[in-house]
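Data first, discussion second: the structure below is written as structure tokens.
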Amino acid sequence: MKRRQPAATKVFEQNVIALVWDFDKTLISDYMQAPLFRKFGVDSGRFWAEVDALAELYARRGLRCNRDTLYLNHLLTYIEHGPLKGLTTDDLFDVGKELEYYPGLPEFFPAIKKRIAENAEFARYGIKVEHYIVSTGFADTIRGSEIAKHVDGIWGCEFIEEPAMPGFLDGKKAPELPRQIRQIATSFDNTSKTRALFEISKGANKVSSIDVNSKMQEHDRRIPFDQMIYVADGPSDVPAFSILNQFSGQTFAIYPAGDQAAFHQVDKLRQDGRIDMFGPADYREGTQTWMWLVDHVEGIARRIAAAKEERMRQAVSAPPTHL
């Protein structure tokens, strides 16, 4: 008697479509630090002008700096020397409520989830949409925002208020100090965003035993790259665009409606093959951006459903018939 060979175990159903979003200038028209600076009376224009000048300043001192994260160090300088003295992670969270979104947001986030979930063809296979935000801004501000409740994961910069002291392993405690951000816990630049894409793809954000650096075949991943769409605003997101383009994902760039310079910038990305398409920052139903995103999410969903139907057809033999 032949023993039946056990069927190969499938790690994930691969029925998830991921919309991965940049934040500043993609979902909101300004930098997320704007309401924070207003709250503390900081001149936003001066702060960013100083940040832009830092790389050259430090280069004259023989230092090579990461331009994408220099602003975090300058933020700590503002905290230490007065303009942002007393800044806490609660402050970062609270100003998230003041962020102003482009038209159609945050409504688009739950609407596209509902559209796929209520489609009978897709519901048959449990196909669903998840939203992820990957930003070089503050994770706490995004968590405090109106859009956070519609999001399945957030990557961003995070801070430490009470650093561990030398000797903490022996029980030595930090001196009593007023609450205040003092160190950087996590910094995200435009290259490290690609790490987040691999975490989402492999399911490392959902299953703690999966390490992002573990070797994992595409057919074993929770969300293959070809089931991802990355949405961002410009050249700084080229590393993430490149990963999705390399592995058959889809890429879309946003520009503010009526902004000729921004239009030229994203059109250049399209001409150079960096993105699949671009559209104005208007997510209301019927706009070009809404139609492209909906069309391509549904296209991925149809492809998933068709592949599952084909596997089912191949797995089920024809019934016996009368001779």
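Every number in this text was worked out from the coordinates using simple rules, so none of it is lab data. Values in this document were obtained by computation on a predicted structure and should not be read as measured data. Here the Cβ positions follow ideal geometry from the backbone for every residue, glycine too, while neighbour counts run over all protein chains shown.
To check you understand DSSP bridge types, tell me what percent of the beta bridges within the chain (both residues inside) are antiparallel, rounded to 5. Mind showing how you got there, number by number?
On the way: 4 of 27 bridges.
The answer is about 15 percent antiparallel.
What residue among Arg143, Arg38, Arg221 has the largest mean-square fluctuation in a Gaussian network model of the chain, using Cα springs under 10 Å?
Maximum fluctuation in the GNM of the chain, among the listed residues, is at Arg38.
What per residue convex hull volume, in Å³, do the alpha-carbon atoms of the range 16-60 yield? Numbers along the way, then the final one.
Working: hull volume 5.4 nm³, N = 45.
Convex hull volume per residue, Cα atoms: 120 Å³.
Give the order of His131, His219, His150 when sorted by the count of other beta carbons within 10 angstrom, beginning with the fewest. Before the final figure, lay out each step's value.
Numbers: His131 21, His219 10, His150 17.
Neighbour counts put them in this order, fewest first: His219, His150, His131.
Using C-alpha positions alone, give me the convex hull volume of the range 16-314 per residue in cubic angstrom.
174
Net charge near Trp155, counting Lys/Arg +1 and Asp/Glu -1 over other residues with Cβ under 9 Å of its Cβ?
Numbers: positive: Lys193, Arg195; negative: Glu199.
The answer is +1.
As a test of the definition: which semi-axes, in Å, follow for the range 1-154 when you take the square root of five times each eigenvalue of its alpha carbon gyration tensor? Largest first, please.
Largest first, the range 1-154 gives 42, 22, 13 Å.
Can you work out ³J(HN,Hα) from phi for every residue in the range 65-74, in order, using Karplus 6.51 cos²θ - 1.76 cosθ + 1.60 and θ = phi - 60°, giving whole Hz and x for Gly and Pro?
Karplus values, whole Hz, x for Gly and Pro: 10, 7, 4, 5, 10, 4, 5, 5, 5, 5.
Hey, what number do you get for the chain at 222 nm if only DSSP H runs of n ≥ 4 count, each worth -39500 (n - 2.57), divided across all residues, to the nearest 500?
-11000 deg cm²/dmol
Show me the trypsin sites (Lys or Arg not before Pro) within the range 59-131 that DSSP assigns to loop and that have at most 16 other Cβ atoms within 10 Å of their Cβ. All intermediate terms of the calculation are to be shown ahead of the outcome.
Working: sites: Arg60, Arg61, Arg64, Arg67, Lys85, Lys97, Lys113, Lys114, Arg115, Arg124, Lys128; in loops: Arg60, Arg61, Arg64, Arg67, Lys85, Arg124.
Counting only loop positions with at most 16 other Cβ atoms within 10 Å, the trypsin sites (Lys or Arg not before Pro) in the range 59-131 are Arg60, Arg61, Arg64, Arg67, Lys85, Arg124.
When N counts the residues of the range 176-323, how does its alpha-carbon radius of gyration compare numerically with 2.2 N^0.38 Å, as a ratio?
It is 1.42.
May I ask you to derive the relative contact order of the chain, considering only C-alpha pairs under 8 Å and at least 6 residues apart, and to give it as an integer percent? Intermediate results must be reported in sequence, preceding the final value.
On the way: 492 pairs, mean separation 67.4, N = 323.
Relative contact order comes out at 21 percent.
Hey, rough spin-label estimate for Ser209 and Ser44, points 7 angstrom out along Cα→Cβ, what's it come to in nanometres?
4.7
Say R0 is 22 Å: what FRET efficiency, to the nearest 0.05, do Asp90 and Leu63 get from their beta-carbon distance?
So, using R0 = 22 Å, E works out to roughly 0.10.
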